[in-house]
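Taking it in order: structure first as structure tokens, then the write-up.
The values are calculated or read from the model by the stated rules, or taken from the named source; none is laboratory data. Predicted model, so just to flag it, every value in this text is computed and none were measured. Heads up, the Cβs are rebuilt from the backbone with ideal geometry, glycines too, and the neighbour counts pull from every protein chain shown. Heads up: the accessible areas ignore ligands, DNA and RNA and are worked out on the full protein's heavy atoms, side chains in. Shrake-Rupley method; radii C 1.70, N 1.55, O 1.52, S 1.80 Å.
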Amino acid sequence: MEKDIRILAIESSCDETAASVSVNGEIRSNIIASQIDIHRLYGGVVPEIASRNHLLNISAVVEHAVAESGLSLEDMDCVAVTHGPGLVGALLVGVSYAKALSYSLGCRFMGVNHMQSHISACFLAGARPPFICLVVSGGHTMIVNVKDYTEFELLGTTRDDAAGEAFDKVARVMGLEYPGGAKLDELAEKGDPFSISFPLAMLGEDNYDFSFSGLKSAVLSHLNTMKMKGEEYKKEDVCASFRRCVVEILTEKTVKAALSTGAERISVCGGVACNSLLRRELSRKAAENGMSFYVPERVYCSDNAAMVARAAYHKYLKGEFSDLSLNASPSLML
Ligand code: KG4
Ligand code: ZN
């Protein structure tokens, strides 16, 4: 019988300190200490505060993840950690901690790309390569051809704001608390999505790229006009109309990529994959085109370490380890 592969994974790229243990790619524990309540006071993530809180939380989060897995630290074959992209100070906390831990345990060490981790959440949802993956988070918007568990081809990306960033900025001007994406989604459920028409940027263009800054400006200008005229507006309608546009652009381009590559499966991941309309629309359009659709549970969409553990498992099988000279890479590409 082959030996089990036991991995401890650590994530600290932004404002979540997280740790997870996997055995042969199956998740045994998934602990997340979110700093959202702290950063909300400032209307966004304050990098220095994020690093300090990772330092405060990381030992307890790792201990908790190991205890809940029913294994001990000494059982681990590898310590994996997000080394980019992300906030450099935040990444450094995880990378330094993981290096020291793997050295003291005498086990393997591995740096994992945060975007590869988000995509690997789709494996946890049952997606098997090849498939087309829409990756939508606070910092990234990408359409990726997932050729194999560790092999990716970037088909398109955003030219300006990421989808999550657009959600957060529009939410902010409407007075919703940071991070506003989830709250905007909630309000949109109660509004009329066809009450206002905003521009659908780059929808007709023959590429897989996105641009959300024009749409964002159109919403801001609509709100300003209403204010200047002293007219009442329903927040729910603005949220619903804005969300409909973002979702239509994301969905159309993803399905187009799947059709042109002949993919039979599509999936979505990243924090914005929590969006209820995006989940419904992708599922509907996939079915319409005879494709299967995979979406991770919401806890595996926003930042977590289970997705890092799963990505690390596939890298482990390929022997893709790192040495202790690995540094944080804030702008790491997929
Ligand atoms: O993947 P993630 O947790 O962190 C990054 O790696 O960026 O994504 C966070 C982003 C935020 O912009 C947040 O507003 C957005 O995901 N988000 C949502 C929803 N839930 C989280 N956006 C739209 N609808 C949601 N339900
Ligand atoms: Zn992320």
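Specify the residue that is surrounded by the most Cβ atoms within 10 Å (Cβ to Cβ); the eligible residues are those in the stretch 41-56 that are in contact (Cβ under 8 Å) with a residue 12 or more places away in the chain and in a helix (DSSP H, G or I).
Applying the filter and picking the extreme gives His54.
Tell me which residues, restricted to the stretch 23-40, are open to solvent by 70 Å² or more (accessible area, probe 1.4 Å) and in a helix (DSSP H, G or I).
Asp37, Arg40
Name the one entry in Ser20, Ser69, Ser12, Ser59 that is away from ligand 1 (no atom under 16 Å from the Cβ) and open to solvent by less than 30 Å² (accessible area, probe 1.4 Å). Break it down stepwise before answering.
On the way: Ser20 fails: away from ligand 1 (no atom under 16 Å from the Cβ); Ser12 fails: away from ligand 1 (no atom under 16 Å from the Cβ); Ser59 fails: open to solvent by less than 30 Å² (accessible area, probe 1.4 Å).
Within the list Ser20, Ser69, Ser12, Ser59, the selection yields Ser69.
Tell me, please, whether a residue that is under 23 Å from Ser195 (Cβ atoms), open to solvent by 10 Å² or more (accessible area, probe 1.4 Å), within 16 Å of ligand 2 (Cβ to nearest atom) and part of a helix (DSSP H, G or I) can be found in the stretch 305-314. Quick ask: steps written out before the conclusion?
Step one: list which residues in the stretch 305-314 are under 23 Å from Ser195 (Cβ atoms), which gives none.
The answer is no, given that none of the residues of the stretch 305-314 is under 23 Å from Ser195 (Cβ atoms), open to solvent by 10 Å² or more (accessible area, probe 1.4 Å), within 16 Å of ligand 2 (Cβ to nearest atom) and part of a helix (DSSP H, G or I).
Being in contact with a Phe, Trp or Tyr (Cβ under 7 Å, 6 or more places away or on another chain) and either free of Cβ contacts under 8 Å to residues at least 60 places away in the same chain or within 16 Å of ligand 2 (Cβ to nearest atom) (or both) is the requirement here; does Cys245 meet it? It would help to see each step written out before you state the result.
Details: in contact with a Phe, Trp or Tyr (Cβ under 7 Å, 6 or more places away or on another chain): yes; either free of Cβ contacts under 8 Å to residues at least 60 places away in the same chain or within 16 Å of ligand 2 (Cβ to nearest atom) (or both): yes.
Criteria met by Cys245.
Restrict the check to the stretch 171-186 and report whether at least one residue is more than 17 Å from Val272 (Cβ to Cβ) and hydrophobic (A, V, I, L, M, F, W, C).
Within the stretch 171-186, one or more residues are more than 17 Å from Val272 (Cβ to Cβ) and hydrophobic (A, V, I, L, M, F, W, C).
Quick one: which residue in Cys133, Cys107 is more than 12 Å from ligand 2 (Cβ to nearest atom) and not assigned by TED's automatic domain parsing to the domain that holds Leu282?
On the way: Cys133 fails: not assigned by TED's automatic domain parsing to the domain that holds Leu282.
Answer to the check: Cys107.
I want to confirm something. Restricting to the stretch 121-164 and keeping residues that are among the polar types (S, T, N, Q) and under 17 Å from Val272 (Cβ atoms), which single residue is most open to solvent (accessible area, probe 1.4 Å)? So that I can check it myself, show each step before the final result.
Going residue by residue through the stretch 121-164, those that are among the polar types (S, T, N, Q) are 137, 141, 145, 150, 157-158.
Next, only the ones that are under 17 Å from Val272 (Cβ atoms) stay: 137, 141, 157-158.
Details: Ser137: 13, Thr141: 1, Thr157: 53, Thr158: 28 Å².
Only one residue fits best here, namely Thr157.
Looking at the stretch 24-40, is at least one residue over 23 Å from Ala121 (Cα atoms) and either free of Cβ contacts under 8 Å to residues at least 12 places away in the same chain or outside the structural domain of Arg310 (by TED's automatic domain parsing) (or both)? Outline the logic, then answer.
Quick first cut of the stretch 24-40, residues over 23 Å from Ala121 (Cα atoms) only: 37-40.
If we keep only those that are either free of Cβ contacts under 8 Å to residues at least 12 places away in the same chain or outside the structural domain of Arg310 (by TED's automatic domain parsing) (or both) as well, we get 37.
Scanning the stretch 24-40 turns up at least one residue that is over 23 Å from Ala121 (Cα atoms) and either free of Cβ contacts under 8 Å to residues at least 12 places away in the same chain or outside the structural domain of Arg310 (by TED's automatic domain parsing) (or both).
Which ones in the stretch 221-243 are loosely packed, with under 15 Cβ neighbours inside 10 Å and either of a type in the set (Asp, Glu) or touching a helix residue (DSSP H, G or I) at 6+ places or on another chain (Cβ under 6 Å) (or both)? Give the derivation first.
If we filter the stretch 221-243 for residues that are loosely packed, with under 15 Cβ neighbours inside 10 Å, which is where we start, we get 221, 224-232, 234.
Of everything in the stretch 221-243, those that are loosely packed, with under 15 Cβ neighbours inside 10 Å and either of a type in the set (Asp, Glu) or touching a helix residue (DSSP H, G or I) at 6+ places or on another chain (Cβ under 6 Å) (or both) turn out to be Glu231, Glu232.
Any residue at all in the stretch 165-173 that is away from ligand 1 (no atom under 16 Å from the Cβ), open to solvent by less than 40 Å² (accessible area, probe 1.4 Å) and of a type outside the set (Val, Ile, Thr)?
Taking the stretch 165-173 as the starting set, the residues that turn out to be away from ligand 1 (no atom under 16 Å from the Cβ) are none.
So far as the stretch 165-173 goes, no, none of its residues is away from ligand 1 (no atom under 16 Å from the Cβ), open to solvent by less than 40 Å² (accessible area, probe 1.4 Å) and of a type outside the set (Val, Ile, Thr).
Among the residues of the stretch 317-328, is any over 21 Å from the mean Cα position of the chain (by Cα), in a helix (DSSP H, G or I), hydroxyl-bearing (Ser, Thr, Tyr) and more than 30 Å from Ala188 (Cα to Cα)? Spell out the reasoning first.
Of all residues in the stretch 317-328, those over 21 Å from the mean Cα position of the chain (by Cα) come to 317-327.
With the extra rule that they be in a helix (DSSP H, G or I), the set shrinks to 317.
Subset that is hydroxyl-bearing (Ser, Thr, Tyr): none.
No, every residue in the stretch 317-328 fails to be over 21 Å from the mean Cα position of the chain (by Cα), in a helix (DSSP H, G or I), hydroxyl-bearing (Ser, Thr, Tyr) and more than 30 Å from Ala188 (Cα to Cα).
Report the residue count in the stretch 318-334 for those that are over 17 Å from Gly139 (Cα atoms) and polar (S, T, N, Q).
Qualifying residue count for the region: 3.
Residues in the stretch 160-188 that are among the basic types (Lys, Arg) and either within 25 Å of Val112 (Cα to Cα) or within 16 Å of ligand 2 (Cβ to nearest atom) (or both): how many? Give the derivation first.
So in the stretch 160-188, the residues among the basic types (Lys, Arg) come out as 169, 172, 183.
So of that shortlist, the ones also either within 25 Å of Val112 (Cα to Cα) or within 16 Å of ligand 2 (Cβ to nearest atom) (or both) come out as none.
Looking only at that region, the number is 0.
Just the residues that are closer than 20 Å to Glu205 by Cα and in contact (Cβ under 8 Å) with a residue 24 or more places away in the chain, please, taken from the stretch 253-281.
Step one: list which residues in the stretch 253-281 are closer than 20 Å to Glu205 by Cα, which gives 253-262.
Within the stretch 253-281, Lys253, Thr254, Val255, Lys256, Ala257, Ala258, Leu259, Thr261 qualify.
Matching residues to (1) within 15 Å of ligand 1 (Cβ to nearest atom); (2) open to solvent by 20 Å² or more (accessible area, probe 1.4 Å):
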{"residue": "Val246", "(1), (2)": "yes, no"}
{"residue": "Leu259", "(1), (2)": "no, yes"}
{"residue": "Cys269", "(1), (2)": "yes, no"}
{"residue": "Ala273", "(1), (2)": "yes, no"}
{"residue": "Arg279", "(1), (2)": "yes, yes"}
{"residue": "Pro296", "(1), (2)": "yes, no"}
